[in-house]
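Okay, so here's the structure we're looking at.
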Amino acid sequence: MQTQQPSAIRCSSCGTPYQIPVYSVLDVSKTPQLKNLLLAGRLNTAPCPNCGTMNTVIVPLLYHDPAKELLIAMIPMELNLNKDDQERLIGNMMKSLPKDNFKGYMFNPRRAITTQGIVNQILEADGITQEMMNEQRARINLVQQCLEATSEEALQKLVSENDAQMDDRFFQAFSLVIQRTLEDGQPQIAQQMLAIQTRVVELSSYGKALIAKQAQQEKIIEEVATQLETFGDKISRENVLMLTISYADQDEHLQALVGMIRPAFDYDFFQMLTAQIDKAPAQNREKLEKLRDRLNQLTAAIDQQNQRALQGVVSFLQTLVNHPQPEEVIAANIDAIDDTFMAVLNANIQQAEQTQNKPLADRLKYIYHVVVEILRANMSPELRFINTILGVQTDAEAQQLIQEHAPQLGGGLIEAFHAVEQMLSEQGNAALIQRVQTLRTMTEKVLNI
């Protein structure tokens with residue numbers, strides 16, 4: 001139930017004309033990301049392709065959340081419409097509501113005259129009270145004070161005086177400010193903010209405890225990884241079941257295990273665990289049943305986290321599409337370019353081509369080209385060389401390149417080969433692993449290793 005159409009606007013800063021997609025009706029059950037954009041003040045907003053200034057189109061909006069039976073009509077006061085015109089406009093927007101499941105609340109939508117007004121009503125429906133909103137504003141204000149600290153001494157003093165307020169919610173607010181700065185097309189400033197946030201983490205009591213906890217978690221992950229390595233490359237479900245049961249009383253180890261090999265905890269695994277419970281002595285069943293419940297919780301949490309990460313990737317890609325200089329954003333966020341991002345990018349390219357949206361397809365292909373070039377530029381010489389020889393057509397061509405360049409790269413090239421093989425092994429790409437191993441063998445012969 002999303003009503004979207006392009007709108008021609010002129011940049012408020014430089015006067016450049018351009019178009020942005022504008023939504024006038026949105027259903028959060030269909031596209032929850034639009035709700036997030038609205039709450040962040042970024043719905044119907046896009047940067048100027050010339051100067052990067054964020055511009056917003058002020059339009060009437062019908063917001064619908066069926067799960068909460070919430071329907072809000074916002075008629076901006078800037079439009080200066082009389083009551084009859086407002087009712088006519090609301091009536092036209094309401095024609096897009098589903099006719100087959102029309103409920104009583106839809107006859108009388110709530111009203112708002114500003115974006116903040118509609119946001120406040122949405123937050124209230126979500127259980128966010130005015131007190132909670134005031135607390136969040138206070139956190140944002142404290143974040144701003146940290147960003148405006150003029151020296152290391154001033155920042156230390158600020159952290160010391162406000163240490164009790166610097167908790168998990170404060171650092172979430174800090175990350176939100178950085179993310180919004182990035183979405184506004186200011187990657188360099190976002191990087192500076194990130195450096196200040198890192199320093200505040202180091203100085204605050206909460207941050208110090210977090211660093212210590214992360215160190216402990218890394219130790220546990222290393223222990224679990226070492227245990228998994230003892231099973232070799234052909235780890236079985238029986239091995240996983242045995243190790244999982246051994247961690248029944250060690251929740252942090254259990255969390256690490258599920259996080260590292262989530263795909264192993266599939267339907268067949270739970271069937272095996274249930275069978276183990278059924279044949280276990282009576283005194284052990286309760287413990288195993290609690291273990292099964294905990295595994296269900298952990299796998300569900302990981303799946304939800306992966307879904308949120310996917311939504312973040314989609315949002316990041318949308319930022320790149322709308323940004324006048326995506327090269328800068330990509331370069332500043334190179335760590336965000338992973339297999340998931342590339343999969344989403346390729347899927348969007350295919351969809352744009354299938355729907356014959358040539359401008360979008362061309363834009364996405366350009367982003368793909370920029371990503372590949374930046375990744376290549378950030379590769380070590382050894383990885384760049386491996387990438388080059390993987391792209392040649394014949395073994396003879398690869399052999400010639402290896403003889404010409406491998407001696408200059410030395411033993412580090414073999415280490416890079418092993419790293420690539422490990423990565424491909426984790427991805428399950430058997431065909432490419434075999435090709436890499438063949439090239440490594442050829443290289444070892446040239447280097448007399």
(message) Conditions first: (1) touching a helix residue (DSSP H, G or I) at 6+ places or on another chain (Cβ under 8 Å); (2) in a helix (DSSP H, G or I); (3) aliphatic (A, V, I, L, M). I90 passes all but one, so which condition is the exception?
(response) (1)
(message) Going residue by residue through the stretch 29-41, is there one that turns out to be buried (at least 17 other Cβ atoms within 10 Å of the Cβ), assigned to a loop (DSSP other than H, G, I, E, B), under 27 Å from the mean Cα position of the chain (by Cα) and on the phi > 0 side of the Ramachandran plot?
(response) no
(message) Take K365 and tell me if it is under 24 Å from I20 (Cα atoms) and over 26 Å from the mean Cα position of the chain (by Cα).
(response) no
(message) Kindly evaluate P21 against the criterion of being in a strand (DSSP E or B), modelled with pLDDT under 85 and not hydrophobic (A, V, I, L, M, F, W, C).
(response) yes
(request) Check the stretch 322-329 and report whether any residue there is surrounded by 15 or more Cβ atoms within 10 Å (Cβ to Cβ), without any contact (Cβ under 8 Å) to a residue 60 or more places away in the chain, of a type in the set (A, V, I, L, M, F, W, C) and not in a loop (DSSP other than H, G, I, E, B). (result) no
(request) Kindly indicate whether any position in the stretch 126-140 is touching a helix residue (DSSP H, G or I) at 6+ places or on another chain (Cβ under 7 Å) and touching a residue at least 40 places away in the same chain (Cβ under 8 Å). (result) no
(message) Taking the condition of being outside any helix (DSSP H, G or I) and either farther than 17 Å from T226 by Cα or among the charged types (D, E, K, R) (or both), how many residues in the stretch 238-253 meet it?
(response) 2
(request) Working only within the stretch 254-289, note down all residues that are free of Cβ contacts under 8 Å to residues at least 12 places away in the same chain and over 23 Å from A225 (Cβ atoms). (result) Y267, Q271, A275, D278, K279, A280, P281, A282, Q283, N284, R285, E286
(message) Looking at E286, E327 in this structure, which one is at pLDDT 85 or above and either at negative phi or not assigned by TED's automatic domain parsing to the domain that holds P47 (or both)?
(response) E286
(message) Being of a type outside the set (F, W, Y) and either on the phi > 0 side of the Ramachandran plot or in contact (Cβ under 8 Å) with a residue 60 or more places away in the chain (or both) narrows it down to one residue among N333, N346; which is it?
(response) N333
(request) Those residues that are within 15 Å of the chain's Cα centre (by Cα) and among the hydrophobic types (A, V, I, L, M, F, W, C), I need them from the stretch 303-328; list them, please. (result) A309, L310, V313, V314, F316, L317, L320
(message) So, in the stretch 288-308, how many residues would count as being within 12 Å of Q255 (Cβ to Cβ) and touching a Ser or Thr at 6+ places or on another chain (Cβ under 8 Å)?
(response) 1
(request) Give just the number: which of (1) more than 27 Å from the chain's Cα centre (by Cα); (2) in the same structural domain as I9 (by TED's automatic domain parsing) does E148 not satisfy? (result) (2)
(message) Please determine whether any residue of the stretch 131-153 is loosely packed, with under 15 Cβ neighbours inside 10 Å, of a type in the set (G, A, S) and modelled with pLDDT of 90 or more.
(response) yes
(message) Kindly evaluate P6 against the criterion of being touching a Ser or Thr at 6+ places or on another chain (Cβ under 7 Å) and either at pLDDT 85 or above or exposed (fewer than 15 other Cβ atoms within 10 Å of the Cβ) (or both).
(response) no
(request) Kindly establish whether D163 is outside the structural domain of L34 (by TED's automatic domain parsing) and modelled with pLDDT under 95. (result) no
(request) Out of G127, G185, G207, report the one residue that is crowded, with 18+ Cβ neighbours inside 10 Å, among the small types (G, A, S) and at pLDDT below 90. (result) G185
(message) With the requirement that a residue be within 19 Å of L26 (Cβ to Cβ) and among the basic types (K, R), what does the stretch 57-95 give you?
(response) K68, K95
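The values are calculated or read from the model by the stated rules, or taken from the named source; none is laboratory data. In this text the structure is predicted, and so the values were computed from the model without any measurement. Counting neighbours? That spans all protein chains shown, and the Cβs are built from the backbone with ideal geometry, glycine included.
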